[in-house]
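Structure, as structure tokens:
All of the numbers you see were taken from the coordinates with simple rules; none came from a lab. For clarity, every value in this text was computed on a predicted model and none was experimentally measured. Positions of Cβ are generated from backbone atoms using ideal geometry, with glycine treated the same way; all protein chains shown enter the neighbour counts.
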Amino acid sequence: MQMVVDSLRQKGKIYKKMQEVSPKELGIRNKIKMYKATDINGYFWAIFAVSQKSRLLMKDVHKFEEIYTKLTLYCGHNFKHKILFIDAPLCSKAKAAFKTQGWKIQ
């Protein structure tokens, strides 16, 4: 969590409240860190942190969208911003799909 907070703070994003949501609460078996955060202006942010060695492909885009919809249902509201932190390389088609669906990739 500290890595996520530090990297967002360098970009000028400061949050009033940041809470981790475990994948078990959503019924997901993936190794992913999810956070819901509220910034100073009161906007909600969905932050996903993924650490894997293999490349992210188009099928992963659909997987993250499903996880995002489960998170919105679990929290009871939509998020203004969606951020994805990844260590793995990203397919060019997947990157374009993430951008068109409103994801910010870090």
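General observations
- Of all DSSP beta bridges in the chain, antiparallel share, percent nearest 5: 55 percent
- Under the Karplus curve 6.51 cos²θ - 1.76 cosθ + 1.60, θ = phi - 60°, whole-Hz ³J(HN,Hα) for the range 26-32, x wherever Gly or Pro sits: 9, x, 10, 9, 6, 8, 9
- DSSP loop trypsin sites (Lys or Arg not before Pro) with at most 14 other Cβ within 10 Å: longest gap in the chain: 81-106
- Label positions at Arg9 and Gln101, each projected 7 Å from the Cα along the C-beta direction, are separated by 3.1 nm.
- Positive-end extreme of charge dipole, the chain - chosen from Trp45, Met58, Tyr35 (charges on Cβ): Met58
- From the coordinates shown, Cα extents along the principal axes in Å corresponds to which of (1) 66, 34, 26; (2) 33, 31, 24; (3) 48, 36, 20: (2)
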